[in-house]
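As structure tokens, the structure follows; a few thoughts come after it.
The values are calculated or read from the model by the stated rules, or taken from the named source; none is laboratory data. In this text, all values refer to a predicted model and were calculated from it rather than measured experimentally. Every residue, glycine as well, gets a Cβ built from its backbone with ideal geometry; the counts of neighbours run over all protein chains shown. These area figures cover heavy atoms from the full protein model, side chains too; ligands, DNA and RNA do not enter into them. Shrake-Rupley method; radii C 1.70, N 1.55, O 1.52, S 1.80 Å.
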Amino acid sequence: MNKIFTNEIWTKNWSGNWGFLFGSLYGQIYSNGLKELTGANFKHNLIVFEKKTSANYLVVKELKEFCSHLIKLIINDESLPQKLSDQVIKNTDKIFILMRRLDKKNKFTKFDFDELQRSRFVITTANFSLKKVIDYLPEKLMNKYLDLFTKVRLYTEPVYNETDRLLKKISESVLAGKLSSELIHVLTDNEMEDYFLKNSLPTARDLKKRLTGCAILYDSKGLSTIYTGSEYKKLLSGLTDKKSNDEIKGMVAFKGKAQGIVKIILDPKDNKNFQDGDILVAGMTRPEYLSLMRRSAAFITDAGGLLSHAAIVARELKKPCIVGTEIASKVLKDGDLIEVDANKGIVKILKRA
């Protein structure tokens, strides 16, 4: 097992009920795309797929170094935040046009797949930079740019779910009769490229191993290693064993206190047992969660910062919210009675279900 998992502290960058095909492109984005845009990148980043949900982890030290680099760029060029914001808006408009065109098609080519991935690649580099640097900016600069960055973040929010949907549509159309939908969704971006170029695919046996959990580690050159089975379990324990289960802490997105019953919602469509006043717990939230968030007493997420969807909605609805806990969706259980102290960023378990 690579020592990077035990020697470094990792943080969950994002999480959502997206396929591996969607998530795996981020390995290239964080390795190569960010360097093209900002002159800096990540030496390591990890994409995890488990229970039909993808998540990304970054090394804490590398994230701090990246954001420190961005802060220097912003201090030296005060026009940079507006330039990056304009770039995100412009490229979001472009990808929406592309999506409308793709939605009218029933048959797809390598060009369609590449165009969608390339468009998302371009959007994500600038959007990620804005989303992350805000959490590290000095207070004066944070207050200066928070409204602008929030506007940009909300504008581009629909891109991610729509991209995942279209990637599934394209891949299922292209690979119809060759693999089941379930196995298609655990293919990586590189494996789809190999199919288009060489007509080759991983074996169904190898893909089935990924269904119970898998991860792909990228280095600074974009080279990757896939982990499944016992190797995957060891990797995951290396990521999470350093996190204390006794007390759940995170970043305060909106202050306040609330008590209520935990409801873990990984897929916003699966919410039949959700009651008014419950505490919403998720990897991250997206627009599809909004009706649940209006009914919730408070929100808690594993990933995210000041520009995460949960944080923005919490500020709008004025509800207690703690983001970036890393472990809330794994430590808490449906039915637990908890207290959310969003003044201190602490979640207390009052009674187990």
Can you name every one of the helices (runs of 4 or more DSSP H) wholly within segment 113-186 that holds 1 or more residues which are open to solvent by 10 Å² or more (accessible area, probe 1.4 Å) and of a type in the set (Lys, Arg)? 139-156, 158-174
Scope segment 336-353; condition assigned to a loop (DSSP other than H, G, I, E, B) and open to solvent by 30 Å² or more (accessible area, probe 1.4 Å); matching residues: Asn343, Lys344, Arg352, Ala353
Condition first: modelled with pLDDT under 95, farther than 15 Å from Ala258 by Cα and part of a helix (DSSP H, G or I). Can you find one or more residues in segment 317-326 that meet it? no
Qualifying residue in segment 37-47 (condition: within 17 Å of the chain's Cα centre (by Cα), touching a residue at least 40 places away in the same chain (Cβ under 8 Å) and open to solvent by 10 Å² or more (accessible area, probe 1.4 Å)): yes
Out of all the residues in segment 278-335, which are open to solvent by 30 Å² or more (accessible area, probe 1.4 Å), of a type in the set (Asp, Glu) and under 16 Å from Asp267 (Cβ atoms)? Glu288, Asp334
Please find, within segment 48-64, the residue that is farthest from the chain's Cα centre (by Cα) out of those that are surrounded by 18 or more Cβ atoms within 10 Å (Cβ to Cβ) and within 13 Å of Trp10 (Cα to Cα). Glu62
Among the listed residues Ile261, Ile265, which satisfies the condition of being in contact with a Gly (Cβ under 8 Å, 6 or more places away or on another chain), more than 27 Å from Leu148 (Cα to Cα) and buried (at least 16 other Cβ atoms within 10 Å of the Cβ)? Ile261
Taking Ser230 as the residue in question, decide whether it is open to solvent by less than 60 Å² (accessible area, probe 1.4 Å) and among the hydroxyl-bearing types (Ser, Thr, Tyr). no
So in segment 187-205, with the set limited to residues that are charged (D, E, K, R) and surrounded by 14 or more Cβ atoms within 10 Å (Cβ to Cβ), which one is farthest from the chain's Cα centre (by Cα)? Asp194
Set Leu290, Leu280: member being aliphatic (A, V, I, L, M) and out of contact with any strand residue (DSSP E or B) (no Cβ under 6 Å at 6 or more places or on another chain): Leu290
Among the residues of segment 94-112, the number that are open to solvent by less than 30 Å² (accessible area, probe 1.4 Å), in contact (Cβ under 8 Å) with a residue 24 or more places away in the chain and in a helix (DSSP H, G or I) is 4
Every pair of residues 6+ apart whose Cβ atoms lie under 7 Å, when the first sits in segment 206-219 and is open to solvent by 20 Å² or more (accessible area, probe 1.4 Å) while the second is assigned to a strand (DSSP E or B): Lys209/Thr228; Asp219/His44
Restricting attention to segment 6-21, and to residues there that are polar (S, T, N, Q) and modelled with pLDDT of 90 or more, which single residue is surrounded by the fewest Cβ atoms within 10 Å (Cβ to Cβ)? Thr11
Tell me which helices (runs of 4 or more DSSP H) are completely within segment 196-304 and hold 1 or more residues being under 30 Å from Asn32 (Cβ atoms), at pLDDT below 90 and not hydroxyl-bearing (Ser, Thr, Tyr), or say none if there are none. 229-240
Would you list the helices (runs of 4 or more DSSP H) that sit entirely within segment 1-93 and hold 2 or more residues that are small (Gly, Ala, Ser), under 27 Å from Ser237 (Cβ atoms) and out of contact with any Cys (no Cβ under 6 Å at 6 or more places or on another chain)? 20-28
Matching residues in segment 186-235 - criterion: being touching a strand residue (DSSP E or B) at 6+ places or on another chain (Cβ under 7 Å) and aliphatic (A, V, I, L, M): Val186, Ala215, Ile216, Leu217, Ile226, Leu235
Is one or more of the residues making up segment 157-165 among the acidic types (Asp, Glu) and over 24 Å from Asn17 (Cα atoms)? no
